[in-house]
1. Might you let me know whether region 9-26 holds any residue that is assigned to a loop (DSSP other than H, G, I, E, B), more than 15 Å from the chain's Cα centre (by Cα) and at pLDDT 95 or above?
2. Taking the options Glu177, Glu204, Glu233, name whichever one is assigned by TED's automatic domain parsing to the domain that holds Val77 and either under 24 Å from Pro88 (Cβ atoms) or without any contact (Cβ under 8 Å) to a residue 12 or more places away in the chain (or both).
3. Considering each of Ile291, Ile259, Ile242 in turn, give the residue that is over 18 Å from the mean Cα position of the chain (by Cα) and either modelled with pLDDT of 95 or more or not polar (S, T, N, Q) (or both).
4. Name the residues in region 6-20 that are among the hydroxyl-bearing types (Ser, Thr, Tyr) and either in contact with a helix residue (DSSP H, G or I) (Cβ under 7 Å, 6 or more places away or on another chain) or farther than 9 Å from Val77 by Cβ (or both), would you?
5. Out of all the residues in region 156-180, which are among the β-branched types (Val, Ile, Thr) and crowded, with 21+ Cβ neighbours inside 10 Å?
6. Give me the pairs, please: first residue somewhere in region 88-117 and more than 30 Å from Thr225 (Cβ to Cβ) and touching a residue at least 40 places away in the same chain (Cβ under 8 Å), second residue anywhere and of a type in the set (Gly, Ala, Ser) and surrounded by 15 or more Cβ atoms within 10 Å (Cβ to Cβ), beta-carbon distance under 6 Å, and either six or more positions apart or on two chains.
7. Taking the condition of being over 14 Å from the mean Cα position of the chain (by Cα), under 20 Å from Thr19 (Cα atoms) and outside any loop (DSSP other than H, G, I, E, B), how many residues in region 174-201 meet it?
8. Hey, among Gln131, Gln194, Gln135, Gln222, which residue is in contact with a strand residue (DSSP E or B) (Cβ under 8 Å, 6 or more places away or on another chain), surrounded by fewer than 23 Cβ atoms within 10 Å (Cβ to Cβ) and among the polar types (S, T, N, Q)?
Amino acid sequence: MRAIITAGSRRSKLALIQTASVVDRIKAANPKLEVEVREIVTSGDRDRHTQLDRLGTAIFVKELEEALLRREIDIAVHSAKDLPTEIPEGLALIAVSARQDPRDALVAKARLEQLDAGSRIGTGSLRRSIQLCMQRPDLQICPIMGNVDTRLRKVASGEVDGFLVAAAAMLRLGWEEKITEYLPVDSFLPAAGQGALAVEARLEDKEIYDLISPVNHLSTWQCITAERAFLRELGGGCRAPIAALATIGDRDLKLDGMIASIDGSKVLRGSATGRPDSAEEAGIELARELISLGAEGLIEEARGC
């Protein structure tokens, strides 16, 4: 068994905190194992101007996956919401951490319902923009890029009146007190995988799988499996705003999903239930239900934009 492995991480403050939390779990499961962290700058870190929906979340993982394939690192740690449904040949998702709060959060000068008409709210996510417009069409949505520190400075300077962000990001950064409001999932359905961390490795590397498998959180794995199956069946590599969240009750898994047109004029939403050990089936079932309601047209429209 190896005495040392290398984990790849994006260089941002948040990414390094996330990677450190996964590394701590790996060490707890393997007390004699040493884990080095290698910082890798991704395309997403270099491009601070193009809106995320135009670039796609793969820009945050591509260089990490290339480092895995070149054997420069043994595992890569990602935000699960950034990991595309199509994983390169030779690689695999091997574990996910216990999910932190999956909700979106508002960081602003007032709660959502109390914001003045015309208030400027920043987000780089089309999914968030559309759901925000559904709740407060009188607000002004401003494209915003950069890390959380940058966004906080823009609120402090008055450039924007607030911004939307994954609650998990704020919690991991230790900035819970800066959250103005946690947004309810019935109005703001999160991105597939939001709140969980994913560990990717080479498919052939059984030794790494044996070292990392104790870190995997089963119920989160089942939820992420359902959400990613929903995304994949819809063709989630397109720009269409898609959201999904699975939860597990006493016996059943429930999956809520949404897809919208690029301009937000049409929104399809539904839910499916199934057994946690058949999570992928629930994702496929819900995707096919929304396809029967017209999701295919929304996907084709998004691909043409």
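The values are calculated or read from the model by the stated rules, or taken from the named source; none is laboratory data. Not measured: the values here are computed from a predicted model. Cβ placement follows ideal geometry from the backbone for every residue including glycine, while neighbour counts extend to all protein chains displayed.
1. Start the filter on region 9-26 by keeping residues that are assigned to a loop (DSSP other than H, G, I, E, B), which leaves 11-12.
Still in the list and also more than 15 Å from the chain's Cα centre (by Cα): 11-12.
If we keep only those that are at pLDDT 95 or above too, we end up with none.
So far as region 9-26 goes, no, none of its residues is assigned to a loop (DSSP other than H, G, I, E, B), more than 15 Å from the chain's Cα centre (by Cα) and at pLDDT 95 or above.
2. Numbers: Glu177 fails: assigned by TED's automatic domain parsing to the domain that holds Val77; Glu233 fails: assigned by TED's automatic domain parsing to the domain that holds Val77.
The match here is Glu204.
3. Working: Ile259 fails: over 18 Å from the mean Cα position of the chain (by Cα); Ile242 fails: over 18 Å from the mean Cα position of the chain (by Cα).
It is Ile291.
4. The first filter runs over region 6-20 and keeps only residues among the hydroxyl-bearing types (Ser, Thr, Tyr), leaving 6, 9, 12, 19.
Once the filter is applied, which keeps residues that are among the hydroxyl-bearing types (Ser, Thr, Tyr) and either in contact with a helix residue (DSSP H, G or I) (Cβ under 7 Å, 6 or more places away or on another chain) or farther than 9 Å from Val77 by Cβ (or both), region 6-20 yields Thr6, Ser9, Ser12.
5. Across region 156-180, the qualifying residues are Val160, Val165.
6. Val107/Gly162; Ala108/Gly162
7. 3
8. Numbers: Gln131 fails: surrounded by fewer than 23 Cβ atoms within 10 Å (Cβ to Cβ); Gln194 fails: surrounded by fewer than 23 Cβ atoms within 10 Å (Cβ to Cβ); Gln135 fails: in contact with a strand residue (DSSP E or B) (Cβ under 8 Å, 6 or more places away or on another chain).
That would be Gln222, the only listed residue that is in contact with a strand residue (DSSP E or B) (Cβ under 8 Å, 6 or more places away or on another chain), surrounded by fewer than 23 Cβ atoms within 10 Å (Cβ to Cβ) and among the polar types (S, T, N, Q).
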